[in-house]
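For reference, the structure discussed in these notes is given below.
Read-outs throughout are calculated quantities, based only on the coordinates presented, and are distinct from any laboratory measurement. Bear in mind that the values here come from a model prediction, so they are computed numbers and not experimental data. Every residue, glycine among them, receives a Cβ derived from its backbone with ideal geometry; neighbour counts consider all protein chains shown.
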Amino acid sequence: MITLARKAAYILIFSVFLVSCSSTACQDGAVGGGSDNPRHVVIVLDKSASMEYLVNDVLSGFNNLVDQLPDSSFVTLFGFESIYGLEMIFNHERANAVRELTINDYQLGDGTPLYDAISGAIAQVKTKSVNRTDEKILFVIISDGLENSSTKYDLSDTRNSIQRQIDNGWDLRFYGLGADAASEATSLGIPLTDGSSFAPSQSGVDDVFDDIAGSFTQSRTKPKCVRAIP
């Protein structure tokens, strides 16, 4: 028979266990005191002249995406076109600290140096933007056109770079705004399941950013630990 004193002791131990579950790791959405590795969202965004009619849609889509990301995630944003090349707009910033993307950040240029942009962005993420081996990388390429002006890297270089990062565990995706752009996913060696074709329109751009945000749905809906105080 369990005495009243022993029963009270069991209740106290159980209550202390529940209180300990409300640690920082648990509040971040992990169950049982563990925690997911931080997520790093890297977006390589086309700024070529052909994106002219999608500028406002891109700005609102990106800003809406950031609002949906977990506070524990990080964001790096590159823009690319043929005049100024690859430009880093946000460098490994925590999602809740990323300022609003504006037209001043997204000035369009000319051609589409796609291979230079992808290979260059991968190199920068590996050497400058992130040196943390515990991060999970979601590397996203968004473009409405085919490669037409790279000078530093060719298709073979870029395919090899992409494959190395896939082997390293990166989640690498290509979002093509138009059928022609989406065909680049195949030539680059990106798995077809990760290469998506979207309409070059407001709804298409919205769908792209919604799809990226959907990658975080599971982690954002994990049950919180229950806090019980005796």
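Listed by Cβ neighbour count within 10 Å, with the fewest neighbours leading, T112, T151 appear as T151, T112. The 3J(HN,Hα) values that the Karplus relation (6.51, -1.76, 1.60; θ = phi - 60°) gives for the range 138-144 are, in residue order, 10, 9, 10, 10, 10, 8, 10 Hz. Gly and Pro appear as x. Straight Cα distances below 20 angstrom link K152 to the aspartates and glutamates D46, E81, E87, D110, D116, E184, with same-chain residues fewer than 8 positions distant left out. Taking other Cβ atoms within 10 Å as a rough exposure proxy, I190, I118, I83 sort from fewest to most as I83, I190, I118. The slack in the chain from A97 to S203, taken as 0.36 nm per residue of separation less the alpha-carbon distance, amounts to 35.5 nm.
Take every Cα pair under 8 Å whose residues are at least 6 apart in sequence, average their separation, divide by the length of the range 64-194, and the relative contact order is 21 percent.
Note on Y53 and D154: with the Förster distance fixed at 30 Å, the Cβ-Cβ geometry gives a FRET efficiency of about 0.50. Using 0.36 nm per residue and subtracting the Cα-Cα separation, the extra length available between D67 and L192 on full extension is 42.2 nm. Going from the fewest other Cβ atoms within 10 Å to the most, the residues M51, M88 appear in the order M88, M51.
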